[in-house]
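To start, the structure under review is shown below, and the notes come after it.
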Amino acid sequence: MKVGRTIASVAAGAVGVTAAGVVGSVAAQRRAMNLREHVDELPLGALRSEPQIVIADDGVDLHVEVDEPTEPSAPPITLVFVHGFALSLDSWHFQRAAFRGRVRSVFYDQRSHGRSGRSLPAHATIEQLGRDLRSVIEATTTGPVLLVGHSMGGMTVLALAEQAPELFGERVVGTALVATSAGGLDVHKMLLPFVPSMLSAGLVRRTVSALAHGHRAIDSVRRASRPVALVATDQLGFGGDVPEEYVEFVDEMLSATPFEVVAAFYPNLATIDKHAAVPHLAKVPTVVVCGSEDQITALRHSQALHDLLPDSTLVPVAGAGHMVIVERHEQVNEVLQRLLAEVGAR
């Protein structure tokens, strides 16, 4: 039997077993999600600006969008937003809406994510993402920069600090690390929204590289079991009840990320250790933000970052989950505004 067919059978079988056991629970949770308050705002992910292409050092096209300020009193600082694993620049929707027109802001899709080009598997590493970030900074900014990284985006900022510590205190004048870690992750939890079944906690953790060969089967299984995936996204991404639109918004980004990409980044995420890079951020004002109910990068990871940066500001967000930038966007935006004011006053 071919490997791909075997993987498809295993994946489908695992999801089938799980679905049989939890279908009632999933249905109940979906009904509860449907009853949550809906939002009446600009459609999530609808903000756009003229796209630009930045070429990474290995030739991968990086999709970049720059929001130019319209207010004459805008500070001479550029915010650069770096999104997380299996998401896209759209994940910054609420931050983009809050700062649009008020300050120059750069958003980009990490390699193999969103609208950016696909990376070679060998370059699907945090180290390469750090180099990509430097390419984006060099191509889109000329003055001081404030870096904002969520989840894998925060790890990207740490990789840049490791590679180019001289930038911090000169070009980089502030950093915000949101729901992130310097290492020691329980990475298999990141896979649950992609393979919402018993397969995730056990088989995927041990055989993710083999499953990558059957990535189309995994993607098909996920599409076929979207109600289960939505519940997994709700439970793992958020700490409390949020509008159903928020869950669907995040799940759409996750669904748009092929499992082949997830599997390519998985080994590096599982072994990342950037603790030695953290002290380089001490040269600039830094805030560390994390939801108290984050199941992906638990609050202890943010506490560890803060311990390495005693002058940083630790902001635990009570009741929030990993997608704190969506779930508690007003609080996150306030933190970023205070940081922007602090670095602007220097």
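The values are calculated or read from the model by the stated rules, or taken from the named source; none is laboratory data. Because the structure is predicted, anything quoted here is derived from the model rather than measured. Reconstructed Cβ throughout: ideal geometry from the backbone, glycine too, with neighbour counts over all protein chains shown.
Within the range 137-152, the residues that satisfy the criterion of being crowded, with 24+ Cβ neighbours inside 10 Å and over 19 Å from Q337 (Cβ atoms) are S151, M152.
For the range 78-94, a residue qualifies if it is assigned to a strand (DSSP E or B) and aliphatic (A, V, I, L, M), and the qualifying residues are L79, V80, V82.
Counting just the residues of the range 236-288 that are in contact with a helix residue (DSSP H, G or I) (Cβ under 6 Å, 6 or more places away or on another chain) and in a strand (DSSP E or B), which one comes out nearest to D186 (Cα to Cα)? By that ranking, first place goes to V288.
Of the set (1) in a loop (DSSP other than H, G, I, E, B); (2) in the same structural domain as L89 (by TED's automatic domain parsing), all apply to D307 but (1).
For the condition closer than 26 Å to V172 by Cβ and at pLDDT below 95, L236 does not qualify.
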